[in-house]
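The values are calculated or read from the model by the stated rules, or taken from the named source; none is laboratory data. Note that the structure is a prediction, hence the values are computed from the model and not measured. Heads up, the Cβs are rebuilt from the backbone with ideal geometry, glycines too, and the neighbour counts pull from every protein chain shown. The accessibility values were calculated without ligands, DNA or RNA, using every heavy atom of the protein model including side chains. Shrake-Rupley method; radii C 1.70, N 1.55, O 1.52, S 1.80 Å.
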Amino acid sequence: MDDTTSNDGTPPTTTEMEQLSPLSIQAAALVRSIEGLSNIFWISIGGTFLTIFFAGLSQLASNANTDYIYLGEYQVPRSILPLAGLTFALIAFWMTSNRLKMLAFVLSTTRLPRAMVHEIFHLNPPILHVFEKSNADPWRPFTGVGVLIINWAVFFGNSIALTLATAAQQGASSAVFDLPTLSAYAVLIIVAMVYGIRSIFPPLRNILGILHGVDFRVGWPRQIGALLVLMGVYAANNADLIGELDQPDDLLGPAVANAVDGDTLFMLGVEVELFGIDAVEQDQICQNADGADYPCGRVATQALQQLVAHNPVICNPLFSLSDTRRVAICELISENSPAPTQPEDFLSGERPNNLSRLLVAQGHALGVGIGRQVLDQIQLEAQRTRTGIWQGSFEPPAAWRNKH
């Protein structure tokens with residue numbers, strides 16, 4: 001039996017329809033709008049947990065020198081994560097805004113008694129309780145609105161950290177981003193935040209005004225709290241990089257160095273990863289021109305050791321991976337080329353004694369991140385002449401690390 005038939009099977013009268021309409025249509029519209037809003041809040045919270053998940057994965061050593069974040073057999077390109085995060089935020093803001101506007105319209109046009117409206121909100125509240133009267137107090141940080149703001153602050157904190165850390169990380173595709181591209185991302189993030197604020201809070205203010213007669217404002221305590229949460233999340237994701245801001249711009253060396261593997265040196269008590277390259281791993285096996293296996297990882301380590309065996313090394317540290325591990329631009333000191341005396345010297349023209357450059361030219365390493373852009377022609381020449389690992393077949397070091 002449908003809603004248009006009475007208990008005895010006869011069509012309802014006009015009076016019955018008038019009595020049925022508010023309960024079956026307006027009350028149902030309120031319930032559906034609240035339930036829809038709860039679903040959107042769950043999606044938003046899920047998106048925040050995803051940013052935490054990917055930001056955490058990006059900090060793992062297995063993902064440090066690669067253009068991808070590895071999830072078992074799957075590879076997620078780093079370069080799509082910032083854009084995916086912004087797209088998710090804009091869609092979530094749009095959905096939340098539309099649902100709130102629909103709810104505000106239903107409340108402003110309903111003929112239901114006020115007591116019934118309050119009972120509906122009391123019995124079927126959204127998960128974050130954003131419609132309680134206590135949300136009008138900006139000094140209460142853990143009301144529904146406060147938790148909603150904290151959720152988005154964590155989301156954007158992780159998104160910004162993931163974007164900037166990816167741009168600074170040695171193997172990231174977005175490390176080749178130039179300043180205009182990163183500036184564009186910064187503008188897009190600000191635009192997304194402003195859109196969320198201007199689209200969500202006005203209809204929320206209308207709803208709280210209708211329900212409780214209060215003038216809802218976000219308030220500066222919540223704004224400052226959100227900013228502190230955002231900055232704290234960013235700092236937690238980039239603690240190593242931020243710690244490096246306090247250290248002087250002194251060079252590391254000149255000093256005697258020894259090869260740890262094909263792209264890592266040990267000198268002055270610390271391990272130094274050569275910036276911009278990814279060499280085949282110590283235990284990696286490749287195939288030569290005849291298809292026979294050979295220990296290309298050990299060959300790469302021996303090649304680096306031969307380079308540093310008879311010449312001291314000087315490095316310009318860029319940032320830390322840990323207390324005893326640095327990423328740096330390093331050069332051999334020889335009579336044929338003046339030794340760098342300050343960090344700026346490492347960036348002056350082509351440096352023939354740059355160790356990253358030499359290893360790529362000898363075919364023991366691949367250019368990654370910024371190194372891919374700077375060393376592209378040198379790597380193409382090594383590939384053309386079938387030097388080193390290019391003589392046969394090999395697995396990219398990042399993929400090999402993921403498997404082993």
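Brief remarks follow.
- Neighbours of Asn39 by Cβ distance under 12 Å: Lys/Arg scored +1, Asp/Glu scored -1, total +1.
- Protein heavy-atom surface of the stretch 68-127, 1.4 angstrom probe: 64% of the accessible area is carbon and sulfur, with nucleic acids and ligands not counted.
- The DSSP beta bridges internal to the stretch 269-343 are antiparallel in roughly 75% of cases.
- Pair Val214, Asn39: separation of 7 Å Cα→Cβ label points (nm): 2.9
- Largest to smallest accessible area among His364, His404 [probe 1.4 Å]: His404, His364
- With a Förster radius of 45 Å applied to the beta-carbon distance between Ala235 and Thr109, the computed FRET efficiency rounds to 0.45.
- Per-residue surface analysis assigns Ser79 an accessible area of about 50 Å², computed on protein heavy atoms at 1.4 Å probe radius.
- Full-extension gain in nm, Asp283 to Ile127, via 0.36 nm per residue minus C-alpha separation: 50.9 nm
- For Arg222, net neighbour charge (Lys/Arg +1, Asp/Glu -1) across residues whose Cβ lies under 14 Å away: +2
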